[in-house]
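Please treat every number below as a calculation from the coordinates, not as lab data. Note that the structure is a prediction, hence the values are computed from the model and not measured. All Cβ positions, glycine included, derive from the backbone under ideal geometry; neighbour counts span all protein chains shown.
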Amino acid sequence: MKTESVLEKVLAAGHLAVTSECGPPRGAVPEKIREKADILRGYVDAINVTDNQTAVVRMSSFAACLIIKQMGLEPILQMVTRDRNRLAMQSDIIGAYSHGINTMLCLSGDHPCFGDHPMAANVYDLDSIQFIQMVRKMRDEGKFQGGDDILNPPKMFIGAAANPFADPFELRVPRLAKKVKAGADFIQTQCVYNVEKFEKWMEGVRERGLHEKISILAGVTPMKSVGMARYMKNKVPGMDVPDELVKRISGVPKDKQAEEGIKICVETIEHLREVDGVRGFHIMAIEWEQKVPEIVERAGLYPRPKI
C-alpha cells in the first residue's frame, strides 16, 4: 500500500517546501535525534538524516529516520553509494519503506580519505545517477536491479543533490539534466552564498525546461561567525562564498556575527523565493538546529501548510 510523501504533497499543492537537516550522533544516543527533531517540529515539511556525513561514522540514517518517523515527523532517508553495494542498498530501501519511510536522497558520498577511517575500502558499486535509476526502477517497474519482481515495491519520492558552484560551471546544468532523466523528483542544492551565480545556473535550468520536470530546493546555511565564513570559503570544496559576504560579517562585533549570519540567510531566502523555478528551501543549520524556527518565521515561511 502506497503512503504518499508529505514533501511530495506540499510540492504538488504548489507550496514553497521547507526541509532541514539532522546529523545523527556518534553513538547509541537516540535522545540526541529526538531533541534535534523536536526543535524542527512544525517548522519544516521533512527532515534529512545524513549518512555518515564527511565519511565519519555516526548512527545510521535508517535508524535515525525510524526514530523521527516514530515521533510523527517526516524523515528523508539519505543514502550514499560509498559504503554499500546494490544488494545492501536495495535491501535497506525496502526495509525503510516497510516502516513508512517514503522519501530519500540519493548521493555518492564523500571519499573515506576525508573522514575518520581513511583506510576504509570504497564501494561505489553505482554512481549517484545509476543509483537514482535503480530506485526509480524499483518504484515504477516493481523490479530489483537484477530483474526479479518486488513484492510491494517501495514508492519512494526520489531526491538528489546538485552543486551549482562546482567546476567546471558549464557542466552543472547538463549534470542536473542527467539526474532528471534518471528519475529524480526533487533536488536539494549546495549552500547558496553567491546568489548571482546561482541565478545564472537557474537561467540554464529554465532554458532546458528542467524546472518544469523537477522541484528545486535551494540550500541555505546560516554563518555563525567570520571564522566559519572564511573556513567555508577556503576549505570546503565546491563552496562559493563571495568576499563581500565575509567582509560584511567581519564588519560587525564578534558577539553580533551570529545574528548577522542569520540575517544574511533570511535575506537569501527572501531573494531566492522570487527566482522562477525555486520550489523551496533546504536549511542546513549545522549543529545549530535551534535557529531553524527563527529563520523559517523571519523568512515568511511559517506556518507550514497542513497537508
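Projected onto planes of every orientation and averaged, the convex hull of the alpha-carbon atoms in region 236-307 covers 6.5 nm².
Ranked by Cβ crowding within 10 angstrom, fewest neighbours first, how are 193, 231 ordered?
Numbers: 193 24, 231 14.
In increasing order of surrounding Cβ atoms, one gets 231, 193.
Please give the direction-averaged projected area of the C-alpha convex hull for the chain, in square nanometres with one decimal. Could the numbers behind the result be given before it?
Numbers: hull surface 61.6 nm².
The Cα convex hull of the chain, projected and averaged over all directions, gives 15.4 nm².
When 294, 74, 4 are sorted by how many other C-beta atoms sit within 10 angstrom of their C-beta, beginning with the fewest, the order is 4, 294, 74.
Suppose we take every Cα in region 162-307 and form the convex hull; what volume per residue is that in Å³?
Cα convex hull per residue, to the nearest whole number: 119 Å³.
Setting aside same-chain residues fewer than 8 positions from residue 179, which lysines have a Cα under 26 Å from its Cα? Counting by Cα, and skipping residues close in sequence, residue 179 has these lysines nearby: 2, 9, 137, 143, 155, 197, 200, 213.
Using alpha carbons only, what's the Rg to Rh ratio of region 1-97 with Rh from Kirkwood?
Details: Rg = 13.7 Å, Rh = 14.1 Å.
Radius of gyration relative to Kirkwood radius: 0.97.
Please state the relative contact order of the chain as a whole percent: Cα pairs under 8 Å, 6+ residues apart? Don't skip to the answer; put the middle values down first.
On the way: 571 pairs, mean separation 59.3, N = 307.
Rounded, it is 19 percent for the chain.
Among the trypsin sites (Lys or Arg not before Pro) in region 208-307, those placed in a DSSP loop whose Cβ has at most 15 other Cβ atoms within 10 Å are 208, 213, 306. Applying Stokes-Einstein at 25 °C and 0.890 mPa s to the Kirkwood radius of region 127-192, computed over alpha-carbon pairs, gives a translational diffusion coefficient of 192 µm² s⁻¹. The C-alpha atoms of the chain define a longest principal axis, and helix 226-235 lies at about 50 degrees to it. Ordering 196, 260 from the fewest to the most neighbouring beta carbons within 10 Å gives 196, 260. Subtracting the Cα-Cα distance of residue 235 and residue 91 from 0.36 nm times their residue separation leaves 48.3 nm of extension gain. Each eigenvalue of the Cα gyration tensor of region 80-131, multiplied by 5 and square-rooted, gives one semi-axis; in descending order these are 22, 11, 10 Å. Compared with the dominant principal axis of the Cα atoms in the chain, helix 61-70 is inclined by about 90°.
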